[in-house]
Each structure stands twice: as structure tokens, then as C-alpha cells.
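Here the structure is laid out as C-alpha cells; the discussion comes afterwards.
No lab work stands behind these numbers, since they all come straight from the coordinates. It should be emphasised that the depicted structure is a prediction, and the values quoted were computed from it without experimental measurement. Virtual Cβ from ideal backbone geometry, glycine too; neighbours counted across all protein chains shown.
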Amino acid sequence: AVYSPFCYENGTCVDDLLVYPYLHDNIFLVVNAANVDKDFAWIQKNAPEGVTVKNVSAEWAQLALQGPGAAQIMTACGMDEVNGLSFFGAGFFTFCGADCIISKTGYTGERGFEIYLPPEKAVEAWRLLIEKGAAPAGLGARDTLRFEACLPLYGHEISEEITPLEAGLQYFVKPEKNYIGRDAMLHKPNARKQIGLEYLGRGIPRAGFEVYV
């Protein structure tokens, strides 16, 4: 799997996503759930001739198992084989009796796994993971972790008004490649810059907090 932002013509972000090469000439894209319709329309509009684009969101559920105990929990679920994946590696596996894609990815700054499986199997898999030691956590908890790890979130560090370069994602911007928004992004001055802060007291910094010099 490869993480990447993708852009409008002016260099700002449509979204960020994971890209999976998927059987021969297929590519499996994992986008932010809130942006599915917008992303799908943009990809359809810009797809080269001969490329078919299909929205398969309703055919997949995703569970993220994150944290230092993730490998042990997968072993307890009878899935020790996934621990051999490289970081950001992925493969086809059978989990809870269903054909799944399991990748060693996540958006928390921790090592762990993301499990893509049929929606009708999601509750069974969820219960199995909890039975083997996982603790339920929502997107609010995930948000504090990705924030601490300086991972951008669409609508905050990147958006329709912010370019990947302004968000500090220079590593993912390849000047030699040809992609929508490249010239605009590389040639216009950055209007803003992402700055990291160290939080010294107890508490969780959230969007909208005031910062004083």
C-alpha cells in the first residue's frame, strides 16, 4: 500500500488516501468515508480512456486494530501469518470465514493492522478481536493519536484550501512525476506552514484551541 494526497488543478487537496495494487491491472483506493462521493466523482471525471472506475464502498467494511498488542491479538485470532507482512504490506487472507484484505497499516502512529472484509462479517470480527484482548475505540481516540504522531487529517491539516506542501507532506510530492495540480503546487508560494507544538500539561489539544506566543 502507498499513502498519497491527490489534488485539484490548483494544487490543493481533493483528499488523501491509500492506494493498493490489486490483482493485475486493478487498483484499490481507500479514501476518507466522508469524501467518498466527492472523490469518486473527481476520479471518474479524470479517468484516462480505457480505465473503468467503480465505487465499491458498500461491499467493504474496515476494522483497524492498532497498538503494541496488535500482533499478539492477531495471533490469538489464529492469524499469526499476517504478522509476517512488511510495514504497509498487504495480502489476501481468510478471517472469520470470509475472504479479506489485511494490511499492516493504520493512522495512529502505532503499528497495527487494517482489515477489509464483507460488511456482514464485520460484527463477528469486531467481537472476536475484543474477545482476544482488543479495546473498542472510536474516531475521537484515533484523532488524538494521529494528531500526536503529526499525521494530517482531511479538513484540518489538508483541505480544498491547503496544498500538500503547506501541510508538510513534501516527501509525498514528486516533482518528476506527472499528476494533476503538480505545476500549480510547485510554482505558487506557500501561503501557510504547518508547525509542531509540544504539549507540556495534561489534557488533549483539540481543533480550535487558541495558541499563545
Taking LYS54 as the anchor, which lysines have their alpha carbon closer than 26 Å to its alpha carbon, excluding any fewer than eight residues away along the same chain? LYS38, LYS45, LYS104, LYS121, LYS177
Please list, by residue number, everything in segment 55-98 whose backbone N is under 20 Å from a paramagnetic label point 7 Å out along Cα→Cβ of HIS24. 55-56, 91-93
Excluding residues fewer than 8 positions from LYS193 in its own chain, the lysines with Cα under 20 Å of it are LYS174
Length released on extending from LYS45 to ALA191, taking residue separation times 0.36 nm less the Cα-Cα span: 49.7 nm
So who's got an amide H within less than 5 Å of the one on ILE158, skipping anything under 5 residues away but keeping other chains? H placed 1.01 Å off N, in plane. LEU153
What order do you get for 67-80, 3-16, 40-53 when each peptide is scored by the mean count of other beta carbon atoms within 10 Å, highest first? 3-16, 67-80, 40-53
Span from the segment 35-105 Cα centroid across to the segment 148-206 one, whole angstrom: 25 Å
Just ALA125, ALA149, ALA191 to compare: in a GNM of the chain, with alpha carbon springs under 10 Å, which one fluctuates most? ALA191
Expected-Rg normalisation [2.2 N^0.38 Å, Cα atoms] applied to the chain: 1.11
Test of understanding: in a Gaussian network model of the chain with alpha carbons linked when under 10 Å, which of GLU161, GLU59, GLU176 would top the mean-square fluctuation ranking? GLU176
Percent relative contact order for the chain, counting Cα pairs under 8 Å at least six residues apart, stands at 23 percent
Please build a GNM for the chain, connecting alpha carbons under 10 Å apart, and tell me which residue among GLU110, GLU166, GLU120 fluctuates the most. GLU120
